[in-house]
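The values are calculated or read from the model by the stated rules, or taken from the named source; none is laboratory data. This one's a predicted model, so the numbers in the text were calculated from it and none came from an experiment. Neighbour counts run over all protein chains shown; Cβ positions are idealised from the backbone, glycine included.
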Amino acid sequence: SAVISQKPSRDICQRGTSLTIQCQVDSQVTMMFWYRQQPGQSLTLIATANQGSEATYESGFVIDKFPISRPNLTFSTLTVSNMSPEDSSIYLCSARDIMYEQYFGPGTRLTVT
Amino acid sequence: TQLLEQSPQFLSIQEGENLTVYCNSSSVFSSLQWYRQEPGEGPVLLVTVVTGGEVKKLKRLTFQYARKDSSLHITAAQPGDTGLYLCAGATDSSYKLIFGSGTRLLVRP
């Protein structure tokens, strides 16, 4: 199994600023993903982080708002840009291993004031 | 559009009781994963089941998957079983997991 770490674990940010979340996996994985989750609810896929190329975004999410990088097989970042209170949520990094099993980081709890 | 509906949405039971959580699909997935998420943590993978009537046991948890529907049965629930249970389906043609709506379980001591 893959162990995933994220930082920061939580942050409180002001409207209009940006936050970059880092995700590190302890082993090489085939795919990395970013999700958003409201407390107690299910997960919404933001995008698939592609190594060395632009991320693939889901409907309703755009690169200007959520730029993503994946410079190598085990590291990715998600930036939440020009934040508003509606961006307050839990952001989760996820990775899939060669056995097609998918693992999650502990999440980053973001509050925008 | 492939959908995964979980039921019940919320379940509150006494320690020691048995329960079953359901995950019903609008189509067939090649495999289905079950996760448990505790407050303040990310989802933790419990098991992967594959179509064909597979049954897997993980201590007090029994997972079944048949064609479109899956279930998770917990025997003699413990307060440590409290959490959000999520099912997620994968298809051969898509690399993306489709997540269910989730079941929130509270086991009272």
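Given (1) farther than 28 Å from B:L105 by Cα; (2) at pLDDT 95 or above; (3) in a loop (DSSP other than H, G, I, E, B), identify the lone condition not met by A:P106. Against the list (1) farther than 28 Å from B:L105 by Cα; (2) at pLDDT 95 or above; (3) in a loop (DSSP other than H, G, I, E, B), A:P106 comes up short only on (1).
Search the range A:84-107 for residues being more than 10 Å from every other protein chain (Cβ to nearest Cβ) and under 11 Å from the mean Cα position of the chain (by Cα), and hand back the single one that is nearest to A:T30 (Cα to Cα). Among them, the one singled out is A:A95. Answer with yes or no whether A:T79 is within 27 Å of B:V49 (Cβ to Cβ) and in contact with a strand residue (DSSP E or B) (Cβ under 7 Å, 6 or more places away or on another chain). So A:T79 fails the test.
Please go through the range A:80-103 and give me each residue that is more than 17 Å from B:L97 (Cβ to Cβ) and not in a strand (DSSP E or B), ordered by number. Hits for the range A:80-103 are A:S81, A:N82, A:M83, A:S84, A:P85, A:E86, A:D87, A:S88. Being more than 9 Å from chain B (Cβ to nearest Cβ), farther than 26 Å from B:C87 by Cβ and surrounded by fewer than 14 Cβ atoms within 10 Å (Cβ to Cβ) is a property that A:S81 lacks.
Among the residues of the range B:88-100 satisfying the criterion of being within 10 Å of chain A (Cβ to nearest Cβ) and touching a Leu at 6+ places or on another chain (Cβ under 7 Å), which is nearest to B:P8 (Cα to Cα)? Ranking the candidates gives B:G100 first. The set of residues in the range B:52-81 being in a loop (DSSP other than H, G, I, E, B) and either surrounded by fewer than 19 Cβ atoms within 10 Å (Cβ to Cβ) or of a type in the set (F, W, Y) (or both) consists of B:G52, B:G53, B:K59, B:R60, B:R67, B:K68, B:T75, B:A76, B:Q78. Of all residues in the range A:1-28, those that are surrounded by 13 or more Cβ atoms within 10 Å (Cβ to Cβ), under 14 Å from the mean Cα position of the chain (by Cα) and assigned to a loop (DSSP other than H, G, I, E, B) total 1.
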